[in-house]
Amino acid sequence: MTIAFITHHDCSLHRVAIHHPEVPERLSAVDDRMLASGISMLLSHYDAPLVTGEQLLRVHTADYVDYVESSAPGPDDMVCLDEGDTVMTEHTLQAARRAAGAAVLGVDLVMSGEVSSAFCSVRPPGHHAERARAMGFCIFNNVAVGAAHALAQYGLERVAVVDFDVHHGNGTEDIFRDEPRVLFCSTFQHPFYPHTGEAVDSPHLVNVPLTRGVTGKEFRDAVQGHWLPALEAFRPQLIMISAGFDGHREEDMADFRLVEDDYAWVTRELKAVAKRHGEGRLVSCLEGGYALSALGRSACVHLDALIGH
């Protein structure tokens, strides 16, 4: 069945400070590699819609949404929403609305059966955005918006959110900590930004902190030893992926040593779980990945694995 590729030009208009690693060229790197590999022709392409207020308020407080919207600057201005790395410029709010809206559309497409799975190539990323706080380049928690939409709109009882970004998805954990219908599985470098995730105080949180220098073997062992048993027991009706590719060995912002084959492998494993328990329904949202060539290659093997090659 068809794989959806969801993006929007607005996501490339969001540009923050000079030398900031979260740049529009990240999406171009994915697009260029898709075209060069021929994968682009195998996908169904969709424009991301704007997220609605109702959809945002399922995971963020009204005060926080109002704060973000009222903070949106005009041309040539810049606003920091946290200590300095989560920045809004003229086009940021529209990009963030599209990024969250992409996750909603992805859920709608897989739940309708129009596609089997979807990849949201969007920015800003989302998994650090907490219920009432922006941080780590993230404004709205895209994957959480999508998961909450699946619960509310389609009445699902079991949604898994799986996060293989090199940084812990503290925002996703904050939002779903007390939601038994969501299983959150995460691997991440520890100790490392955002310095969360080591303590697990909920039966539906599967955090696996890994030390710097981790190779594919250790990563795969963690997935096989922790994620997969939890997922099999949970039997997710839908899997949402926070797809961060910043654990690649070419990244200089972290200290993992993963390669493209590791991302292809974990995608195949998650796809198999989705087939067994959720009619193959899977929605993936781009998170980190800042070494542009490695990002493009990793995202393409992720898509290739979703296609089933």
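The values are calculated or read from the model by the stated rules, or taken from the named source; none is laboratory data. Being a predicted model, the structure only gives us computed values, none of them experimental. Note: ideal-geometry Cβ built from the backbone for every residue, glycine included; neighbour counts use all protein chains shown. Surface areas here come from the heavy atoms of the whole protein model, side chains and all, with no ligands, DNA or RNA. Shrake-Rupley method; radii C 1.70, N 1.55, O 1.52, S 1.80 Å.
Descriptive notes on the structure:
This table checks each residue for (1) under 30 Å from Val259 (Cβ atoms); (2) out of contact with any Pro (no Cβ under 6 Å at 6 or more places or on another chain); (3) modelled with pLDDT under 95; (4) surrounded by fewer than 24 Cβ atoms within 10 Å (Cβ to Cβ).
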site	(1), (2), (3), (4)
Tyr154	no, yes, no, yes
Val166	yes, yes, no, no
Asp178	no, yes, yes, yes
His195	yes, yes, no, yes
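- Among residues of segment 26-64 being in a helix (DSSP H, G or I) and of a type in the set (Lys, Arg), the one that is nearest to Arg123 (Cα to Cα) is Arg26.
- Ala134 farther than 20 Å from Ile6 by Cβ, among the aliphatic types (A, V, I, L, M) and either over 10 Å from the mean Cα position of the chain (by Cα) or open to solvent by less than 10 Å² (accessible area, probe 1.4 Å) (or both): yes
- Among the criteria (1) free of Cβ contacts under 8 Å to residues at least 60 places away in the same chain; (2) open to solvent by less than 10 Å² (accessible area, probe 1.4 Å); (3) of a type outside the set (A, V, I, L, M, F, W, C), the one Ser242 does not fulfil is (1).
- Test: residue in segment 247-260 that is out of contact with any Leu (no Cβ under 7 Å at 6 or more places or on another chain), closer than 27 Å to Asp304 by Cα and basic (Lys, Arg): yes
- Check on Asp85, open to solvent by 40 Å² or more (accessible area, probe 1.4 Å) and at positive phi: no
- Any hit, segment 81-97, residues being assigned to a helix (DSSP H, G or I), basic (Lys, Arg), in contact (Cβ under 8 Å) with a residue 24 or more places away in the chain and within 19 Å of Ala132 (Cα to Cα): yes
- Segment 35-82 - residue that is open to solvent by 50 Å² or more (accessible area, probe 1.4 Å) and touching a strand residue (DSSP E or B) at 6+ places or on another chain (Cβ under 8 Å) and, of those, nearest to Ala17 (Cα to Cα): Met78
- Only one entry in Ala62, Ala99, Ala72, Ala103 is touching a His at 6+ places or on another chain (Cβ under 8 Å) and modelled with pLDDT of 95 or more, namely Ala103.
- Single unsatisfied condition, Glu114 versus (1) touching a His at 6+ places or on another chain (Cβ under 8 Å); (2) open to solvent by 10 Å² or more (accessible area, probe 1.4 Å); (3) on the phi < 0 side of the Ramachandran plot: (1)
- Annotation note: Cβ proximity below 7 Å between a residue of segment 195-211 that is hydroxyl-bearing (Ser, Thr, Tyr) and a residue that is at pLDDT 95 or above and open to solvent by less than 90 Å² (accessible area, probe 1.4 Å) (sequence gap 6+ or interchain) occurs for Thr196/His168; Thr196/Asn170.
- Among the residues making up segment 1-19, those that are in contact with a strand residue (DSSP E or B) (Cβ under 9 Å, 6 or more places away or on another chain) and open to solvent by 30 Å² or more (accessible area, probe 1.4 Å) are Met1, Thr2, Thr7, His8, His9, Ala17.
- Looking across segment 260-309 at every residue that is under 26 Å from His20 (Cβ atoms) and among the charged types (D, E, K, R), the one that is surrounded by the fewest Cβ atoms within 10 Å (Cβ to Cβ) is identified as Glu260.
- Answer from Val162, Val143 - the residue that is buried (at least 24 other Cβ atoms within 10 Å of the Cβ), hydrophobic (A, V, I, L, M, F, W, C) and in a strand (DSSP E or B): Val162
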